[in-house]
Structures are given as structure tokens and as C-alpha cells.
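Asker: Structure below; questions to follow.
Values quoted throughout were computed directly from the atomic coordinates according to the rules given, and no laboratory measurement underlies them. What you see is a predicted model, and the numbers here were worked out from it, not measured in a lab. Here the Cβ positions follow ideal geometry from the backbone for every residue, glycine too, while neighbour counts run over all protein chains shown.
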Amino acid sequence: MANKVEVKDVFKTYKRGKAEFHALNGISLSIKEGEFLAVMGPSGSGKSTLLHLIGALDKPTSGEVFIDGVSLSLLGDDALSQIRREKVGFIFQQFNLLPTLTARENILLPLRIAGKSSRETERYADEVIEAVGLTNWSSNLPEEMSGGQMQRVGIARALAIRPSIILADEPTGNLDSKTSEEILNLLKDCQEQFKQTIIMVIHDAKAAAYGDRIIRLKDGQIDEEVEAYSANLI
Amino acid sequence: MSVKHGLLGLLARKPQNGYELKNAFDEIAGGFWDVNFGQIYSTIDRLVKDGLITASSEDAEGVERRVYQITQKGIQEFKDWLDKPSAKVRPLRDEIFVKLAFMYPFDKEAILQLLAEQRQLYLAKMAELTRKKYLLSRQGGSRDMLMTDLLLDAALFHAEADVKWLEHCEAKLRGFESIQREEALENDEIGLDQ
Ligand SMILES: Nc1ncnc2c1ncn2[C@@H]1O[C@H](COP(=O)(O)OP(=O)(O)OP(=O)(O)O)[C@@H](O)[C@H]1O
Ligand SMILES: [Mg+2]
């Protein structure tokens, strides 16, 4: 199957005073269409940085990221923001909700920005709202919700646009184990039913076990790779 | 869970032959506890001797097979066991503990390698169990399924704890290594001073 995402010899370097610091230190990685990749690794190992580069939210210092075979480095700002709007659903570590919008409005916002708001797409969004268990909170403002509920809004917002790639940064970080399981089953459904490609950064092994493949980052490099389950990709 | 009570519980569901019992046991134990046929059959013999189960013969395509059934006494024994809280904390019976005890501190690299391999094995196993759980969750919920799901959870929570412990070991071993190196350096410096 085709590679959905390809990361080729990517470095991300930050200045720290006079010294240079490699948040990513030469990473190469291929992710197949419809694959569920879990990314583990200690705090500061570069997980979020990697996710941001794949989601075209940031650019590598050197190396290239390909999505659907197209190098992001060749694209202008318009094309990049189109990729962000239409191909990528981002579940952020800090939920990034707009405080003045209700849960449902937050969830519908990306559809509206992309000009994709229609009865059909909004119906799907409402299905997602139900699936993440937010039906009773859909008209609440972020400040009127718990951390776990805001987390669900962030997840629903990412799924509502039916992106072909879902990038999730600690999507179950604030949730109890039963709710985590529901959310992870939902992500797994996205993969199984809609063949969405999922890259999920996660701390705990129990959640990482939802991946077909688990990689571990250490000091900005891939430290190890575990092929967990690949039968559904063959 | 003991093999004895595991088998009683399985036979309380329905009569089964040894082969079926072994499969069902593996299913419950979630692949984290290897029992071989030898253990299954020796436990069966003991259960028959104690009158907790009985054996009868079944004819499967010309081959005679023994099918086991739980007795009233067996059901009582199983119920009594179910009602008693487990006082024992999970034993650390993994080989890795024994290896660790003998290897450290002679060969740190080897032990780090062993810990990493063990962790990877656990992750792969956890992924397999998670896959089972996911498929189960998509079939909708009967009572039996809920129980299987909870047992899979137990195996996963235990495995997660083991993975955490393995990571913790790695981090501590690495830390210890650098302390030793610093000590060695300090000793060298002292040597130079003299
Ligand atoms: N904008 C930035 N400027 C300077 N350094 C940065 C910047 N963003 C990230 N870093 C550094 O890059 C490293 C990797 O950060 P990153 O956020 O990718 O880690 P992480 O693996 O996601 O950690 P966590 O599990 O804590 O979220 C960290 O040491 C961080 O301090
Ligand atoms: Mg992060």
C-alpha cells in the first residue's frame, strides 16, 4: 500500500543561547495509508515536534516531509494551509479551543473555515459529538467543561472534517481508563471504517497498544520500533 | 487464579475435553501465563481423584475422547473459592527477575538489551490483546463478553505495570552507570593528586 506520510532525514534545530539543540536529530519514517502508528518516548524526546512537522504546522530545519507523495517543502503557504484544513485532523496536547464558542461551534469551526459546512457534514459532526459522549455538553462553553470534556471537544473537532490523517498528541492524557478506552476505540474505528491514517503520541503502553506499530523516540531519534500487529495492512 | 480453579470455572460453564480446556484456559490467561498440556492433565487427574469433576467418554470420529464434567462438590469448591478474597499479591515469577538477580552488575549492556527486548515483547503482546478487545467491543455486549473483556483488561493492566517497571529499571541502570563513571573519574583524579 502507498505511503501516506514519509519523513526523510528530518532535523529540527533550536538555538539555545549560542548552542544548537536538535529537537529532532535525523528521523526517517514511512507511514502507510490506513496505518495506526503510536509514538512513545520520554518527555522532551521530540514527539510533539515530529507531529507538528507532519501536520505542516512547522517546518524542518533540514530534511523533508511528504504527504501523499508530495514534499511539503515545495508547497507555498496557501497549499500548506489547505493541507492543514482538509487532510489533517489535529488533536492537540493543550486542547486549543476558542473560549467564546460553544463545544459544538468549536467542533464545526474547521468545517466552516474550509467552506465545507453543509447539512451532510454537520450531521456527521453531530454523530461524532454523540460518539465522543458530548451530546449533553454541546452548547457549553469551554470554561463550563471539565478537562476530559474539553479533550473530547478537541477530538470531535479533529474528526468532524473526516481528515485522511489524524494526528493526536496525548489524546487520552486527561481521561480515566474507561473513557480512554472509548476514545481509543473511536480512533480505531476511524482507521477500520474510514481507512484514516493515525499517528498518536502517547505515554502509556496500554494506549500505545492500539497501534499497528509502536516507535520510541529518544533524544530526537527513533530508538526502537515494535511491529505490533500488521495483519490488517497486508 | 490457580490452574485448579481455572479449570473448575471453565467446566462450570460446560463440559469439555482436555484440548478444549487448554484452549479456553489460554484465552482467559490472555497469553501471559503459559500452561502446558502436562499441567492441564495432571490437574484434571487430581480433580477427578478429589471427586470435583468426573470423566466420561465421547466418540469423536472414531477416536475416543474423555470429556469432563463438574460435580456438585466441584461447583461448591469453585463458589467457595470465588467468594474468598485473594490475599496473595501477584507473584513475580517471571524469568527476568531471576536473570536480573544473577546478571547485574556484571554485564550492564546485556541486561539493558534484555530489558528492552522484554519490553518490546510485552508491547507486541499487549497490542495483540488490545486487538482482541477491540474486536470484542464491536460485537456488542453479552455477559460472557464483558467477562472476557475484563479478563483481557487484567492482563493488560498487569502488562502495563511490567512495562513501566522495565522502563524504570532501564532508567535506573543507566543512571547508576553514569554515577559509577563519575566515581571512577574521581578516583583517577585522586590518584593523580597523590
Ligand atoms: N519553540 C521551541 N524553541 C526551543 N526549543 C523547543 C521549542 N519547541 C520545542 N523545543 C524543545 O524541543 C524538545 C522536544 O520538544 P517536544 O515538545 O517535541 O517534546 P515531547 O516529546 O513532545 O515532550 P512531552 O512528552 O513533554 O510533550 C524539548 O527539549 C523542547 O524544549
Ligand atoms: Mg509533547
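Asker: How far apart, in nanometres, would the label points at residue A:43 and residue A:58 be if each is projected 7 angstrom from Cα along the Cα-to-Cβ direction?
Answerer: Result for the modelled spin labels: 1.7 nm.
Asker: May I pose another question? List every residue whose amide H lies under 5 Å from the amide H of residue A:217, counting only residues 5 or more places away in sequence or on a different chain, with H placed 1.01 Å from N in the peptide plane.
Answerer: Those lying under 5 Å, H to H, from residue A:217 are A:40, A:41, A:223.
Asker: Amide H to amide H, which residues 5 or more places from residue A:166 or on other chains are under 5 Å from it, using H placed in the peptide plane?
Answerer: Result for residue A:166 returns A:89, A:197, A:198, A:199.
Asker: Taking only Cα atoms and a 10 Å spring cutoff, compute GNM fluctuations for chain A and point out the largest among A:123, A:157, A:16.
Answerer: Maximum fluctuation in the GNM of chain A, among the listed residues, is at A:16.
Asker: A further question follows. Between residue B:139 and residue B:110, what length in nm is gained on full extension when 0.36 nm per residue of separation is reduced by their alpha carbon distance?
Answerer: 6.0 nm
Asker: Comparing A:58, A:212, A:176, which has the greatest mean-square fluctuation in the GNM of chain A with Cα pairs linked when under 10 Å apart?
Answerer: Among A:58, A:212, A:176, the largest GNM mean-square fluctuation belongs to A:176.
Asker: If R₀ is 56 angstrom, what is the calculated FRET efficiency for the pair residue B:66 and residue B:171, using the beta carbon separation as r and rounding to 0.05?
Answerer: Details: r = 52 Å, r/R0 = 0.92.
The value I calculate is 0.60.
Asker: Here's something else I'd like to know. In whole Hz, what ³J(HN,Hα) sequence does region B:42-53 give by Karplus (6.51, -1.76, 1.60; θ = phi - 60°), x for Gly and Pro?
Answerer: 5, 5, 4, 4, 5, 5, 5, 4, 7, x, 8, 9
Asker: Each residue of region A:151-156 in turn: what ³J(HN,Hα) in whole Hz from Karplus with 6.51, -1.76, 1.60 and θ = phi - 60°, glycine and Pro shown as x?
Answerer: 4, 5, 4, x, 5, 4
Asker: Also, quick follow-up: Between residue A:223 and residue B:80, what is the FRET efficiency for a Förster distance of 51 Å, r being their Cβ-Cβ separation, to the nearest 0.05?
Answerer: Efficiency computed from Cβ-Cβ geometry: 0.55.
Asker: Something else now. Just need the Rg to Rh number for chain A, please, alpha carbons only, Kirkwood Rh.
Answerer: Value, to two decimals: 0.96.
Asker: Quick one: of A:59/B:164; B:22/B:79; A:47/A:206; A:4/B:108; A:59/A:195; B:4/B:133, which pairs are farther than 29 Å apart, Cα to Cα?
Answerer: With Cα atoms farther than 29 Å apart: A:59/B:164; A:4/B:108.
Asker: Can I ask one more? Just to be sure I understand the model, the point goes 7 Å from the Cα along the line to the Cβ. What's the resulting residue A:82 to residue B:23 distance in nm?
Answerer: 5.5
Asker: What is the set of long-range amide H partners of residue B:67 at a cut-off below 5 Å, with H atoms built 1.01 Å from backbone N?
Answerer: Result for residue B:67 returns B:56, B:57, B:58.
Asker: For the protein assembly as shown, what is the mean residue ellipticity at 222 nm derived from helices alone (per DSSP H run of n ≥ 4: -39500 (n - 2.57); sum divided by total residues; nearest 500 deg cm²/dmol)?
Answerer: On the way: 14 runs with 216 residues, N = 428.
Result for the protein assembly as shown, helices only: -16500 deg cm²/dmol.
Asker: Does anything in region A:60-95 have its amide N under 12 Å from the 7 Å Cα→Cβ label point of residue A:33, and if so which residues?
Answerer: Of the residues in region A:60-95, A:68-69 have backbone N under 12 Å from the label point off residue A:33.
Asker: Which order do B:145, A:145 fall in if you start with the one that has the fewest other Cβ atoms within 10 Å?
Answerer: B:145, A:145
Asker: Could you compute the FRET efficiency for residue B:50 and residue A:124, with r as their C-beta to C-beta distance and R0 at 51 Å, rounded to 0.05? Mind dumping the intermediate values first?
Answerer: On the way: r = 60 Å, r/R0 = 1.18.
The formula returns an efficiency of 0.25 here.
Asker: Could you give the angle, 0 to 90 degrees to the nearest 10, between helix A:177-194's Cα long axis and the longest principal axis of the Cα atoms of chain A?
Answerer: Once rounded, the angle reads 80 degrees.
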